[in-house]
1. Cα gyration tensor of the range 30-126, axes a ≥ b ≥ c as square roots of the eigenvalues: rounded (a/c below 1.5), prolate (a/b > b/c) or oblate?
2. Hey, fewest Cβ within 10 Å first, where do TYR281, TYR173, TYR71, TYR131 land in order?
3. Only loop residues by DSSP count here, and only those with at most 14 other Cβ atoms within 10 Å; note down the trypsin sites (Lys or Arg not before Pro) in the range 126-197 that meet that.
4. Which of MET198, MET124 has the fewest other C-beta atoms within 10 Å, and how do the rest follow up to the most?
Amino acid sequence: MTATLSACGSGAPVPEAGLEISAPAEQRLIALTDLDQRVADVGHRLSAANAELCPAVRNSAGWFLHAASQYSPELRPFAESRFGLDQDLPGLLAVPEGSAAALAGLRRGDLLLSVNGQALTRGMDRRAADYAGVEANIQRIDLALAGGPVEIVFRRDGDDRTAILTPQRACGYEVQLDPSNELNARADGKRLFITTAMAGFTATDDELALVLGHELAHHVLGHRDWHEAEARGRQTQTIPAFNGAAGGAERQADRVGLYLAARAGFDTAIAPAFWRRFGDYNWRVRYPGWSHPSAEARARALEEVEAEISARRASGQPLVP
Ligand SMILES: [Zn+2]
């Protein structure tokens, strides 16, 4: 984790938000996978609606995948029985509405077996949590998706079935939920990260879209370098220059992020109240800090951006920041 330098939250530990780390294993798994579903839904909407503004794009299925091998030995038996997972084979953890995976008839719990006739690797039985095996399978799927529609063989309720999945153009950044009791989100050029505490703090999908929209904006604004854009079937594209890119990087990401959320159909009028609530909850962001405006200054700036978005909507102008 390169946490603090690029983090956009406060980093303050908030054990009561999001995922209760000390809860029994099965309860923790359920809370984690429910949050995954929300983050996948909101991430998919933002990525699909803003493809033309993203410097890196890809062909996306829209799903969140997971595998038994990535879970700790403590969580793994619950993950296997609840989701029908098998070692390194990727299973569908979240299938956002309207995503390519949903349109292909896939749903949560399906286990992927092959793509375009190429079998995915089940891997070895490992004790420690390890993401390498499922990562290699996901990379194979991503490269196949880059070529257009794919034939997927998957297992559901013990039966092997086939589906044709036609991927959708989307921003080329994965969205990842990190189990942590710190209120934080960040972007590293390849992915958007949000902690379970931060995702849990957002009361609605509109609030979650504000946080993820801000992180996506760091990518759109070129604040994060990415040297592997061509990897895994992604492509780079030239995007228009934005107006009003004044202020520091955080202020710019707030402004562009609000546009990205609005373009994806989220209610952005809630933004100022959200940041005030965030500030009330967490004294570390109440006052201006190193590189970060205070929660109140953020809220006031976003009121102006929200007014600008409303005016553009009312006069039928495109929602381009
Ligand atoms: Zn930021």
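Here, each number is a calculation from the coordinates, and none is a lab measurement. If you're wondering where the values come from, they're calculated on a predicted model, not measured in any experiment. Virtual Cβ from ideal backbone geometry, glycine too; neighbours counted across all protein chains shown.
1. Details: a/c = 2.09, a/b = 1.52, b/c = 1.37.
Prolate, since a/c reaches 1.5 and a/b exceeds b/c.
2. Details: TYR281 17, TYR173 28, TYR71 21, TYR131 13.
By the 10 Å Cβ count, ascending, the order reads TYR131, TYR281, TYR71, TYR173.
3. On the way: sites: ARG126, ARG127, ARG140, ARG155, ARG156, ARG161, ARG169, ARG186, LYS190, ARG191; in loops: ARG126, ARG127, LYS190.
The qualifying sites are ARG127.
4. On the way: MET198 29, MET124 10.
With the sparsest Cβ surroundings first, the list reads MET124, MET198.
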